[in-house]
Amino acid sequence: MISDRESTAARPPAVVVGACAHGLSVVRALSGHGVDIFVVDSAPGLPGAHTCLARFVPVAEDINTPGLVDALLRLRQQLWSGQQPVLFLTNDNMVLNLAGDWPRLQGKFLMSWSGAREDVSRLLLKSALDDHCRMVGMNYPRSLIIDSSDDLAATLDSIEFPVIVKPDRPLSGFKAEIVRSTGALSDLLARFPSSYPLVIQNWIPGKDDHLHFCNLYLIGGKPCGRFEGRKLRSFPPARGQGTVVESSESTEVFDLAMRFFKPLNLSGPAALELKQDGSGKWWVIEPTLGRTEFLVGCCVANGVNLPLIEYLHQTGGAIAHSSQRDDYLWFNSERDPGGLFAYVFGRIPNARRGRRWHLLYFSARDLRPFLAAVWRDLRSLFRRALAKSGRLLKRLKKPDPR
């Protein structure tokens, strides 16, 4: 923690790109530690833009495009001239865009993984994971790359259903789909014609609680902060974003993550998701690089403040040892509103009782994002109810053809 006696004006500000729930988690992780925090986004209506713990800075540019670099350069001149703010990104598109255009920002901003941009960009593409896993001796599902619909006919004979289909590039039209037949695969390819290239992988059986992860902050390839956890529920089930997540220390999961990242000699945030099949064998699902995971709030609530470690490393502060705890169960009710109710009514297998809840938006010291999220959801429910009523009324008014 930064001493209260240190002047915040003398320390670089933290710039969190994204007022989404992920960005809000990073803001709350940094708040109370003597850091001036700014949130940059083009969507002032997002709940995170209402936080009282940071200054919201609206921009005209879409932060998920290369225009983010221009926005940051302009804001640096306007708000942070003479300083090098520490950047915190919240999705893979931001990571790829800044990795490709970093020379324009170098010397003006601090970014923990700036020296490993090539490796970070490469491993965000799922097509690169097969070779990397083979190099480090880890299991990765057998995969095929489909560059266009014309490739499907040539590869059908080598596909063993069921398979999981994912876009090679992050944040494409869909995240992952389980496909069980040739017809279903053709339908999926037709629905997402702009998501090529696609990765088609053998499906590794297992439910949500077979998904484990290790979140790290690395300095020169060595861990300065670590947190292992397990997904109890995800959406879509067993292949999507975690929505009910627990702290679950595991030396085995940690060792596997370190084996995966060892050749990179990486500095910065890194995470690895793994799946354990019925025989106990571990499979690499995907890494996260250049940013913390969406569920970083689970790590912070349970004693491992990865964003603060990153800030202190970038600014030369003293980093205290973090001990992982198992105090809180983390819920993403934005993605999966039923997750909290499923836990309360005992519908989540293997979920140990007695832990406190860490909710995505709620914080007693920062209530406005929670209220903004509730208001947004109520308006959305009202609009959907109104549209449904309108369709019903139209059907009732339609004359009987008899």
Margin query: I need every pair where a residue in the stretch 229-258 that is touching a residue at least 12 places away in the same chain (Cβ under 8 Å) has its Cβ under 9 Å from the Cβ of a residue that is part of a helix (DSSP H, G or I) and among the hydroxyl-bearing types (Ser, Thr, Tyr), sequence separation at least 6 or different chains.
Written below: Leu232/Tyr343; Arg233/Tyr343; Val244/Tyr343
Check: Can we say Val95 is of a type in the set (Val, Ile, Thr) and under 18 Å from the mean Cα position of the chain (by Cα)?
Finding: yes
Item checked: Residue satisfying all of: in the stretch 352-402; among the polar types (S, T, N, Q) and under 33 Å from the mean Cα position of the chain (by Cα); farthest from Ser248 (Cα to Cα) among these -> Ser380
Checklist line | Identity of the residue in the stretch 330-361, in contact (Cβ under 8 Å) with a residue 60 or more places away in the chain and small (Gly, Ala, Ser), that ends up farthest from Gly303 (Cα to Cα) | finding: Ala342
Next item on the list: Tell me which residues, restricted to the stretch 101-138, are at pLDDT 95 or above, part of a helix (DSSP H, G or I) and small (Gly, Ala, Ser).
Entry: Ser114, Gly115, Ala116, Ser121
Check: Is there a residue in the stretch 181-190 that is buried (at least 21 other Cβ atoms within 10 Å of the Cβ) and not assigned by TED's automatic domain parsing to the domain that holds Leu306?
Finding: yes
Next item on the list: Taking only the stretch 199-247 into account, find how many residues are hydrophobic (A, V, I, L, M, F, W, C) and not in a strand (DSSP E or B).
Entry: 3
Next item on the list: Check off (1) touching a Gly at 6+ places or on another chain (Cβ under 9 Å); (2) not in a helix (DSSP H, G or I) for Pro44 and give me the number that stays unchecked.
Entry: (1)
Item checked: Wholly within the stretch 294-386, helices (runs of 4 or more DSSP H) carrying at least 3 residues that are under 17 Å from Gly23 (Cα atoms) -> 296-301, 306-315
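The values are calculated or read from the model by the stated rules, or taken from the named source; none is laboratory data. None of these values were measured; they are calculated from a predicted model. Heads up, the Cβs are rebuilt from the backbone with ideal geometry, glycines too, and the neighbour counts pull from every protein chain shown.
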